[in-house]
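Written below as structure tokens is the structure these notes are about.
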Amino acid sequence: MDVSDEALARAAADGDREAFALLVGRVYDRVYAYAIRLTGNRADAEDLAQDLCAALPAKLQSFRGEARLKTWLYRIAVNAARDRFRRRATYMKAAEGWGDWEQARQAEIAEQAERRDWLTRAMGALSVDLRETLALVLDGISQAETAEILGIPEGTVAWRVSDAKKRLRALKEAEAREVTK
């Protein structure tokens, strides 16, 4: 006995699993072929066809039989594809902004690493007294604590930090002049 697609759809909407399985077996190839033409690739077409089949049980509740099942099904496929394309476009638009943000973040990280590497190399040009004092201060140790650690007056710590900054600034300026030559 040959049962129409519409009759299978009504039976499936009423919970008949066999009718649903038969209906999916009849329409899947058509839906998949349409999805291939629409998306242009097999992976997206498979996803779209599977999404449609997964949503079909709930969608069948709204099938009134006023149109042929094939027409109704294609309408659902068109809407599902549009939804998928909209979601992808939204995702791509959001991802673009994140890409720019990530590039800026990576550039900032690289710049900080370059400054840190320069400071480490430049500190090698300082005397041991200046280097050890500046290293403690750069590690967040207060001038008073640095004075206590090094066993020197706090004023000496302040002078050493100031002198180290002057020498580093002069080194940076000398390097900049070398680059512009």
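The values are calculated or read from the model by the stated rules, or taken from the named source; none is laboratory data. This is a predicted model, so every value here is computed, not measured. Counting neighbours? That spans all protein chains shown, and the Cβs are built from the backbone with ideal geometry, glycine included. For accessibility, only protein heavy atoms count, side chains too; no ligands or nucleic acids. Shrake-Rupley method; radii C 1.70, N 1.55, O 1.52, S 1.80 Å.
Scanning region 122-152 for residues that are farther than 17 Å from Asp163 by Cα and charged (D, E, K, R), we see that the one that is least open to solvent (accessible area, probe 1.4 Å) is Glu145. When only residues in region 1-27 that are outside any helix (DSSP H, G or I) and not hydrophobic (A, V, I, L, M, F, W, C) count, which is surrounded by the fewest Cβ atoms within 10 Å (Cβ to Cβ)? Result: Asp2. Exactly one residue out of Ala54, Ala49, Ala35 is out of contact with any helix residue (DSSP H, G or I) (no Cβ under 9 Å at 6 or more places or on another chain) and part of a helix (DSSP H, G or I), and it is Ala54.
Is there a residue in region 98-111 that is in a helix (DSSP H, G or I), closer than 30 Å to Glu154 by Cα, open to solvent by 80 Å² or more (accessible area, probe 1.4 Å) and modelled with pLDDT of 90 or more? The answer is no; no qualifying residue exists. Quick check, is Lys181 out of contact with any helix residue (DSSP H, G or I) (no Cβ under 6 Å at 6 or more places or on another chain) and touching a residue at least 40 places away in the same chain (Cβ under 8 Å)? Here the answer is no, as Lys181 does not meet what is asked. Only a single item in (1) hydrophobic (A, V, I, L, M, F, W, C); (2) in a helix (DSSP H, G or I); (3) exposed (fewer than 14 other Cβ atoms within 10 Å of the Cβ) is not met by Ala158, and it is number (3).
Would you confirm whether any residue within region 116-138 is of a type in the set (Asp, Glu) and under 42 Å from the mean Cα position of the chain (by Cα)? Show your work before the answer.
Filtering region 116-138 down to residues of a type in the set (Asp, Glu) leaves 117, 129, 132.
Narrowing further to those that are under 42 Å from the mean Cα position of the chain (by Cα): 117.
Yes, that holds for at least one residue.
Residues of region 37-50 that are modelled with pLDDT under 85 and within 28 Å of Arg17 (Cβ to Cβ): none at all.
Residues considered: Ala122, Ala80. Of these, the only one that is of a type in the set (A, V, I, L, M, F, W, C) and in contact (Cβ under 8 Å) with a residue 40 or more places away in the chain is Ala122. Has region 63-71 got any residue that is outside any helix (DSSP H, G or I), without any contact (Cβ under 8 Å) to a residue 60 or more places away in the chain, exposed (fewer than 11 other Cβ atoms within 10 Å of the Cβ) and not polar (S, T, N, Q)? Among the residues of region 63-71, at least one is outside any helix (DSSP H, G or I), without any contact (Cβ under 8 Å) to a residue 60 or more places away in the chain, exposed (fewer than 11 other Cβ atoms within 10 Å of the Cβ) and not polar (S, T, N, Q), which makes the answer yes.
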